[in-house]
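Colleague: Can you read through this structure? Questions will come right after.
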Amino acid sequence: MAWVGNARLAAGPQDAGFLESVFVPGARLGVRADDPATFVEVVEVEELTTIRVPSGRLIVDSPWSEERGREIVARVPPGTYRVEVAWTQAPYEFGGTYFDGRECAATRLCVSDDPVVVWEAGVGVNDDIGDADVAAAGFHSDSEAMGAIADVEAWEALTAPFHRFRRAVSSGGSAPAPDRDTEDLGDGWFEKSSNEGFKADLIAFDVAEGWAPVWIGRTRTGAVASVLVPGQMATSALA
């Protein structure tokens, strides 16, 4: 039997169009906000890594947050899942120099390869969706403009390297910044934190500074197929 979701959580036409296109190579997501003649085009979908989610419960939040972490309502089967990133390009010129405008348009946790039939807001377990604007469900990305996905039970251990780094930098002194004790997966765009005690991993990724929405892609039966967070180019692409 087909799954019937909550219509209030469903993505609107503009958001749904972006979510359905952002992982399609060759798709044009819109134009540069500062240059309507230049298209923002998906040029690559990259499998970045895999992460282990032993409990099936997920936090999607800033890895720098000192709070508990924002657990989402959606559940996934315990397992190991691949993480993919969509790259866009929108060339531009600045000060006489040309740039390819390559940006991380979105990062997603791939739970299954079944088709997504509806995108819904990634509501948190503590969200009051009676009055909240559920279409904007997400997290504050902090000044570091990073998001992260990880298992709920391992969140504190997996984000500890980020907090130790921040405390060391904030303490001042002349010593060089300490090693963050995470795996750099690509020029500062992505980091991976692992903990063998929990047998779990965290993926940290680039998002727009300020507010980052979270979207859940569901299959015909209602199962979670994808957990997606837009990146920096989303706003420009939809402008």
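Colleague: Plugging the Kirkwood radius over Cα pairs into Stokes-Einstein for the stretch 37-140, at a temperature of 25 °C and a viscosity of 0.890 mPa s, what D comes out in µm²/s?
Modeller: Working: Rh = 16.5 Å.
Rounded, D is 148 µm²/s.
Colleague: Using θ = phi - 60° and the Karplus relation 6.51 cos²θ - 1.76 cosθ + 1.60, list the HN-Hα couplings for the stretch 193-208 in order, rounded to whole Hz, with x at every Gly or Pro.
Modeller: With the stated coefficients, the stretch 193-208 comes to 10, 10, 9, 6, x, 8, 6, 9, 9, 10, 10, 10, 8, 6, 9, 5 Hz.
Colleague: How large is the helix-only mean residue ellipticity at 222 nm for the chain, computed as the sum of -39500 (n - 2.57) over DSSP H runs with n ≥ 4, divided by its residue count, in deg cm²/dmol to the nearest 500?
Modeller: Values: 3 runs with 31 residues, N = 239.
Theoretical 222 nm ellipticity from helices: -4000 deg cm²/dmol.
Colleague: Determine the relative contact order of the chain: mean sequence separation of Cα pairs under 8 Å and six or more apart, normalised by residue count, in whole percent.
Modeller: Details: 568 pairs, mean separation 62.7, N = 239.
Relative contact order, the chain: 26 percent.
Colleague: Residue by residue through the stretch 137-150, what is 3J(HN,Hα) from phi via Karplus (6.51 cos²θ - 1.76 cosθ + 1.60, θ = phi - 60°)? Round to whole Hz and write x for glycine and proline.
Modeller: 4, x, 9, 7, 7, 6, 5, 7, 6, 10, x, 7, 10, 6
Colleague: Describe numerically, in nm with one decimal, the distance between label points set 7 Å from Cα along Cα→Cβ at His163 and at Arg82.
Modeller: My value for the distance between the label points is 3.4 nm.
Colleague: While we're looking at this one, here's another question. When only alpha-carbon atoms are used, what values of Rg and Dmax, in angstrom, describe the chain?
Modeller: Spelled out, the Cα radius of gyration and Dmax of the chain are 18.0, 64 Å.
Colleague: If Phe190, Phe165 are ordered by their accessible area, calculated over protein heavy atoms with a 1.4 Å probe, which sequence runs from highest to lowest? Please list the in-between numbers first.
Modeller: Numbers: Phe190 5, Phe165 45 Å².
Sorted by accessible area, descending: Phe165, Phe190.
Colleague: Let me ask another. With equal scatterers on the alpha carbons only and no solvent term, can you work out the Debye log10 of I(q)/I(0) for the stretch 1-70 at 0.23, 0.26 1/Å?
Modeller: For the stretch 1-70, the Cα-only Debye profile gives -1.08, -1.09.
Colleague: A follow-up question, please. Summing Lys, Arg as +1 and Asp, Glu as -1, what charge do residues with Cβ under 11 Å from the Cβ of Arg32 carry, Arg32 excluded? Don't jump to the answer; show the numbers that get you there.
Modeller: On the way: positive: none; negative: Asp34, Asp35, Glu41, Glu103.
Spelling it out: positives minus negatives among the neighbours equals -4.
Colleague: While we're on this one: Report the net charge of residues surrounding Arg218, where surrounding means a beta-carbon distance below 11 angstrom and charges are Lys +1, Arg +1, Asp -1, Glu -1. Write down the numbers at each step before the final one.
Modeller: Numbers: positive: Arg220; negative: Asp114, Glu120.
Overall, the nearby charge balance is -1.
The values are calculated or read from the model by the stated rules, or taken from the named source; none is laboratory data. All of these numbers come straight from a predicted model, not from anything done at the bench. In this analysis, Cβ positions are derived from the backbone assuming ideal geometry, glycine residues included, and neighbour counts consider all displayed protein chains. When the accessible area is computed, the model is the full protein with side chains, heavy atoms only, and any ligands, DNA or RNA have been set aside. Shrake-Rupley method; radii C 1.70, N 1.55, O 1.52, S 1.80 Å.
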